[in-house]
Amino acid sequence: MARIVLKFGGTSVADIDRIKNVARHVKREVDAGHDVAVVVSAMSGKTNELVGWCRAASPIHDAREYDAVVASGEQVTAGLLAITLQAMGVNARSWQGWQIAIRTDGAHGAARIQEIDAAEIVRRFGEGQVAVIAGFQGIAPDNRIATLGRGGSDTSAVAVAAAIKADRCDIYTDVDGVYTTDPRIEPKARRMSRISFEEMLEMASLGAKVLQVRSVELAMVHKVRMFVRSSFEDPDAPGMGDFDNPPGTLICDEDEIVEQQVVTGIAYARDEAQISLRRVEDQPGVAAAIFGPLAEAGVNVDMIVQNISESGATTDMTFTVPSGDLQKATAVLETAKSAMRYEAIQSEQGLTKVSVIGVGMRSHTGVAATAFKALASRGINIRAITTSEIKISILIDGEYTELAVRALHSIYGLDKP
C-alpha cells in the first residue's frame, strides 16, 4: 500500500462524463489499497470565464475579491468529483484550500504556499477516505482565499504530496507524457520514460506547457517523484495500475536515470521581443539602473547581451522580453532614460527562443557547436545566445521556428527510437 496524489487538469474534468472517467482512475488506485488525495482544476474554460466576469465588472478590481470569484471554479469540480466517487461507492470528501488549511503569503492572485497542515487528511486516510482537494487556492494571512496564479493546481498537487509524504504525485493531463519536443512540430518526437527535475525545470520554463514551472521547482526541493500521465487513457487498460512503471513520464532525481543522453529535449518559446539600447554609458551601475526598474514593473528579462566598446565610453545593451511585455518595458525605459544613460532604443517582435536541454551537456563538449552548424546549414541566422550548465538558448526569427526545432531534434538523434 502506498500514498499517492492524483492531479487532474481542466480538460480532464471538462464535463460530467470526463469527471466520471476521472473517478474511475481514482477508484482504481483506491481498489489497489492506496491512500489517495486528488487535486482538481476548474472545468476547461471556466477560469477564463470567471476572470472575464471580474474584468467586465471593473477593469481595476480588488485582488481579494478577484480571488474569491476565480477560486470558485475548482470548488465546483471538487464537489462534483466527490459526489461522483460517492455514487461509485468510494468514501470521498471535498476540501477547499482554507479547510485543510493550505496557508499562503498575502500576494492575492499570485500567492505562494508557505505551509500545509495535512494532519486531518492523513487521519481520514486511516478511515479509508479519499480527499478531493480544490487546487489553485489557499488561505492568506488576512483569512481570505488566495489563488496561486495560472496553472497553480500543479503546484497545489506537489505541495500536498510533500505535506502528506506521498510516494508519488501523478499529474494527469491531455498528453500522455513529456516528449523530446513538441509532437505537433516534429512527428518523430518521442515520449520519454524518465527526465530529471533539472531538465524538466528547463523544459517548462523555456516553453514546454506540460507542467507549471513552480510545481517542478517544488518537486525538486522536496524530492516528490512526479508522473505525467494521460487522463484520456482507459482507466482499466493494461499497465494503468502498475505502481512502479505506469504509462507516462517519470520526473525524478538525476541519479534515478541510468542511461543519460547528452541532449534530452528541444523546447521553444514564440512571441519573444528584442530590445536594444544604443550607446549606453559604459559606467558602473548602469546595468542596475536599467534592469532594476524593469524588475519592479514585473517585466521578465532574458538573454542579456552587452557589447564591448572599443573606446570604453559607450556600449550597446540588448535583451529579450515576452512580446506581451514589450509596450510596458518600452514605457519604463523611456521614462527613466536620463537615469539609464542611453541615446536610442530599438525593438523588434516576432522572434522565437529555441533551447537545447540536457544534463549530459555538463560532461560533453561540442554540443553548442553542433547546434550552430545545424542552424547555419539551413540558413537560420542567430540573433543571440545564452547558455547554462544544462541548456543552450538561441534567439531566431519566428518564421524559422519549425525548421529550427526539427533540425536540432534530428542532429542530436532524438528522433531515433
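The values are calculated or read from the model by the stated rules, or taken from the named source; none is laboratory data. Remember, it's a predicted structure, so these values are computed and weren't measured experimentally. So basically every Cβ, Gly included, is an ideal-geometry build from the backbone, and we count neighbours across all protein chains shown. With ligands, DNA and RNA removed, areas are computed over all heavy atoms of the protein, side chains included. Shrake-Rupley method; radii C 1.70, N 1.55, O 1.52, S 1.80 Å.
Summary of computed values
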{"quantity": "Matching residues in the range 100-131 - criterion: being open to solvent by 60 Å² or more (accessible area, probe 1.4 Å) and either polar (S, T, N, Q) or in a strand (DSSP E or B) (or both)", "calculated": "Arg103, Gln114, Glu115"}
{"quantity": "Filter pass, Ala37 being of a type in the set (Gly, Ala, Ser) and either closer than 22 Å to Val210 by Cβ or in contact with a helix residue (DSSP H, G or I) (Cβ under 8 Å, 6 or more places away or on another chain) (or both)", "calculated": "yes"}
{"quantity": "Hits in the range 102-139 (condition: touching a Lys or Arg at 6+ places or on another chain (Cβ under 8 Å) and farther than 19 Å from Ser41 by Cα)", "calculated": "Asp105, Gln114, Glu115, Asp117, Arg124, Phe125, Gln129"}
{"quantity": "Residue selected from the range 144-153 under the condition out of contact with any strand residue (DSSP E or B) (no Cβ under 6 Å at 6 or more places or on another chain) and either assigned to a strand (DSSP E or B) or open to solvent by 10 Å² or more (accessible area, probe 1.4 Å) (or both), by the criterion farthest from Ala110 (Cα to Cα)", "calculated": "Arg144"}
{"quantity": "Residue check, Lys209 within 26 Å of Gln260 (Cα to Cα), open to solvent by 40 Å² or more (accessible area, probe 1.4 Å), assigned to a loop (DSSP other than H, G, I, E, B) and touching a His at 6+ places or on another chain (Cβ under 8 Å)", "calculated": "no"}
{"quantity": "Some residue of the range 264-275 being outside any strand (DSSP E or B), out of contact with any Leu (no Cβ under 7 Å at 6 or more places or on another chain) and surrounded by 14 or more Cβ atoms within 10 Å (Cβ to Cβ)", "calculated": "yes"}
{"quantity": "For Pro141: the one exception among (1) at pLDDT below 95; (2) part of a loop (DSSP other than H, G, I, E, B)", "calculated": "(1)"}
{"quantity": "Filtered residues of the range 339-359 (kept if under 30 Å from Thr180 (Cβ atoms) and open to solvent by less than 50 Å² (accessible area, probe 1.4 Å))", "calculated": "Gly350, Leu351, Thr352, Lys353, Val354, Ser355, Val356, Ile357, Gly358, Val359"}
{"quantity": "Residue satisfying condition, being more than 21 Å from Leu395 (Cβ to Cβ), within 29 Å of the chain's Cα centre (by Cα) and either at pLDDT below 85 or surrounded by fewer than 17 Cβ atoms within 10 Å (Cβ to Cβ) (or both), within set Ala295, Ala336, Ala331, Ala313", "calculated": "Ala331"}
{"quantity": "Selection count, the range 366-387, where residues are open to solvent by less than 60 Å² (accessible area, probe 1.4 Å), free of Cβ contacts under 8 Å to residues at least 60 places away in the same chain and polar (S, T, N, Q)", "calculated": "1"}
{"quantity": "Hits in the range 165-202 - residues which are closer than 27 Å to Arg18 by Cα, of a type outside the set (Phe, Trp, Tyr) and open to solvent by less than 40 Å² (accessible area, probe 1.4 Å)", "calculated": "Ala166, Arg168, Cys169, Asp170, Ile171, Thr173, Gly177, Val178, Asp182, Met192"}
{"quantity": "Any pair with Cβ under 7 angstrom, 6 or more apart, that starts in the range 224-250 at a residue that is modelled with pLDDT under 90 and in a loop (DSSP other than H, G, I, E, B) and ends at one that is open to solvent by less than 70 Å² (accessible area, probe 1.4 Å) and among the polar types (S, T, N, Q)", "calculated": "none"}
